[in-house]
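Novice: Below: one structure in structure tokens.
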């Protein structure tokens, strides 16, 4: 395919940087670093542009912390200026990276997401006898820098711009030559893009009835167990050649048994909340209610919080569960 040319002049154009500031600040304007940048937005954009252009802008502005989701997960927070730079880059190449994806890749793209992935997987369960489910071991942590950079060089051109992408990739590592920061905008796009070759390879054989990926969680469907076993071994070998390791928790199961995927328990004719989703539902409700009881949020903010929490139950058979949660706790006098 023809490579897209990206020039630094396009990246550092005032219109592009202004749009990047708007996107990076959305929903975060009250934070001190964001408010400080916006207090002199024209001057700070000029300063940021000059430092990027001269090569004096530091790319390793990361702060690491850990969350439980439900297991320990290392998250990386970027400085506001770094987020602006990442948005400026994706303003130019984001659509191209999205176009590289197959129709059944669902992570981090407008109009897709977990609900669409769950519906797609359910159709696969209805139409095929067996499924294979795998995910990559420590995918972000072990992303090979050299292979990722080569894939980006094969898709884009413009030496100065590619040098910048290389420097951003090299600015973070969990081990020498490996790793992407979880939480960075570029990481979402790059990690999704890296597996598009695997997508096309795995879904290629005629015995693969359908295939779905949500970031590094992959599932595909076959008519019988023999085809499932064969395809699993082929996929494991291919991913190994990409310097990626499949977790030992892979599954080969009859489709009638259903599958837990994207936080849902998906059966051929119904979608339920997984145990983890149920725990998250209860926890997030308690968090919003505690905030309201402590006087930290208004009645309206509490209602909006409820709406957001209920959103995770959309398209699931969960009325009985939600009623049990309401019955278990005291009603709030809002």
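Every number here is computed from the coordinates shown, using simple stated rules; none is lab data. None of these values were measured; they are calculated from a predicted model. In this analysis, Cβ positions are derived from the backbone assuming ideal geometry, glycine residues included, and neighbour counts consider all displayed protein chains.
Novice: If I go through segment 1-24 residue by residue, how many of them are touching a residue at least 24 places away in the same chain (Cβ under 8 Å) and not in a helix (DSSP H, G or I)?
Specialist: First, pick out the residues of segment 1-24 that are touching a residue at least 24 places away in the same chain (Cβ under 8 Å): 1, 3-8, 10-12, 14, 16-21, 23-24.
Filter again for not in a helix (DSSP H, G or I), leaving 1, 3-7, 12.
Residues that pass the stated criteria total 7.
Novice: Being assigned to a helix (DSSP H, G or I) and crowded, with 22+ Cβ neighbours inside 10 Å is the filter here, so list the residues in segment 195-224 that pass it. Before the answer, list the steps.
Specialist: Taking segment 195-224 as the starting set, the residues that turn out to be assigned to a helix (DSSP H, G or I) are 196-202.
The answer is 202, and nothing else.
Novice: Please state which one of 268, 254 is touching a helix residue (DSSP H, G or I) at 6+ places or on another chain (Cβ under 6 Å), touching a residue at least 24 places away in the same chain (Cβ under 8 Å) and over 30 Å from residue 148 (Cβ atoms). Quick ask: steps written out before the conclusion?
Specialist: Numbers: 254 fails: touching a helix residue (DSSP H, G or I) at 6+ places or on another chain (Cβ under 6 Å).
Among 268, 254, only 268 is touching a helix residue (DSSP H, G or I) at 6+ places or on another chain (Cβ under 6 Å), touching a residue at least 24 places away in the same chain (Cβ under 8 Å) and over 30 Å from residue 148 (Cβ atoms).
Novice: Of the residues 37, 80, which single one is touching a helix residue (DSSP H, G or I) at 6+ places or on another chain (Cβ under 6 Å), surrounded by 13 or more Cβ atoms within 10 Å (Cβ to Cβ) and more than 21 Å from residue 168 (Cα to Cα)?
Specialist: Values: 80 fails: more than 21 Å from residue 168 (Cα to Cα).
Every option except 37 fails the conditions.
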